[in-house]
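Asker: Please find one structure pasted underneath; my questions will follow.
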Amino acid sequence: MAVSEEQFKSVLRDVRHLRDRQDILDCINAYGRGLDRLDAELIRNAYHPDAIDEHGPFIGDVEAFVSFAIEIEASFVATHHGITSHNCEIEGDTAHAESYVYFYVVQPGGEHLGAGFGRYLDKLERRDGKWAITVRRLAMDCAFELPRSGWLGEAWDASRGRRDPSDLSYRRPLPPPLAGQA
C-alpha cells in the first residue's frame with residue numbers, strides 16, 4: 001500500500017505531538033521524583049533557568065524554589081507525590097498543562113500523615129529540544145491529616161525507600177533481591 005506524501009506528513013505530525021506530550025509528562029513526573037528523593041538536580045532540571053514558580057506562600061525563581069522545596073520536603077520522614085490526570089495543549093514550542101497531583105507525607109515523629117490533592121498549572125517551552133517549565137502555579141484543592149499505622153506489618157516497613165541516591169530507583173542495572181533480603 002502506497003502512502004501519500006500528505007499521509008506521511010500527517011503521521012510525522014502525530015508522532016511529534018505524541019513525543020512532545022510524553023516529554024512534557026516525563027518532565028512533570030521527574031519533578032515529583034526529585035521532591036521524593038530530595039534530588040535538587042531533578043527538581044531544577046524540570047524548569048528552564050528563568051522560570052517562576054508559585055507554591056502556596058512561595059513565589060520566586062527556580063534556585064529559590066529548589067531551596068524552598070528541599071527544605072520543606074526534608075522536614076518530613078517520607079514523601080510521595082503522584083500525577084493522575086494530565087491535560088496538555090501544545091502549540092509549536094509552547095505548551096499549557098494541567099496535571100492533577102496527590103501527595104502524602106509522613107510528618108515528623110512518624111505518627112501522622114499529611115495528604116493533599118491539587119493541580120500543577122504549567123506553561124512549558126521547548127528550547128534547544130528540551131521541554132521544561134517556564135511558569136508553574138499550584139492550585140491546592142484540599143489538604144488533610146491522618147493517623148499513621150503500621151497495619152501492613154514490620155516486613156513491609158523493612159522495604160522502605162531512601163530519600164537520596166542510595167534509593168534502589170537509582171541503581172542500574174536493578175539488582176535482583178537475594179533470598180531472605182529485603
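Asker: Among 132, 59, 81, flag the residue with its Cα farthest along the positive direction of the charge dipole of segment 7-161, charges on Cβ as +1 for Lys/Arg and -1 for Asp/Glu.
Answerer: Selected residue: 132.
Asker: Another question, if that's okay. Which whole-angstrom value gives the distance between the alpha carbon centres of segment 1-75 and segment 132-182?
Answerer: With segment 1-75 and segment 132-182 each reduced to a Cα centre, they are spaced 20 Å.
Asker: Continuing with the same structure: For segment 31-86, how big is the tail of P(r) above 16 Å, as a whole percent of Cα pairs? Don't skip to the end; give the middle numbers.
Answerer: On the way: 638 of 1540 pairs.
Beyond 16 Å sits 41 percent of the P(r) for segment 31-86.
Asker: Can you give the charge dipole size of the chain about its Cα centre, rounded to the nearest 20 debye, using +1 on the beta carbon of Lys and Arg and -1 on the beta carbon of Asp and Glu?
Answerer: Working: 21 positive and 30 negative charges, 101 e Å.
Using only the charged Cβ atoms, the result is roughly 480 debye.
Asker: Once the Cβ-Cβ distance between residue 16 and residue 178 is put in as r, and R0 is 41 Å, what FRET efficiency do you end up with, to the nearest 0.05? Intermediate values should be presented prior to the final figure.
Answerer: Details: r = 45 Å, r/R0 = 1.09.
My answer for the efficiency is 0.35.
Asker: Name the residue from 170, 35, 121 whose Cα lies farthest towards the positive end of the charge dipole of the chain, charges +1 on Cβ of Lys and Arg and -1 on Cβ of Asp and Glu.
Answerer: Value computed over the given set: 170.
Asker: Within segment 63-106, what residues put their amide N at less than 15 Å from the label point 7 Å along the Cα-to-Cβ vector of residue 142?
Answerer: What the label zone holds, given the 15 Å backbone N cut-off, is 101-104.
Asker: Sticking with this one: Give the average over all directions of the projected area of the C-alpha convex hull of segment 1-111, one decimal, in nm². Walk me through the numbers on the way to the answer.
Answerer: Values: hull surface 37.7 nm².
With every direction weighted equally, the projected area is 9.4 nm².
Asker: When Lys and Arg each count +1 and Asp and Glu each count -1, what net charge do the other residues less than 9 Å away from residue 120, Cβ to Cβ, add up to?
Answerer: Details: positive: 119, 136, 137; negative: 98, 122.
Every neighbour counted, the sum reads +1.
Asker: Note the angle between two axes, namely the Cα long axis of helix 62-74 and the longest principal axis of the Cα atoms of the chain, as a number of degrees from 0 to 90, rounded to the nearest 10.
Answerer: Computed tilt is about 30 degrees.
Asker: Let me ask something else about it. Between residue 117 and residue 160, 0.36 nm times their residue separation minus their Cα-Cα distance comes to what?
Answerer: Details: separation 43, 0.36 × 43 = 15.48 nm, distance 2.32 nm.
Taking 0.36 nm per residue and subtracting the Cα distance, the gain is 13.2 nm.
Here, each number is a calculation from the coordinates, and none is a lab measurement. Since we're looking at a predicted model, the values are computed, not measured. In this analysis, Cβ positions are derived from the backbone assuming ideal geometry, glycine residues included, and neighbour counts consider all displayed protein chains.
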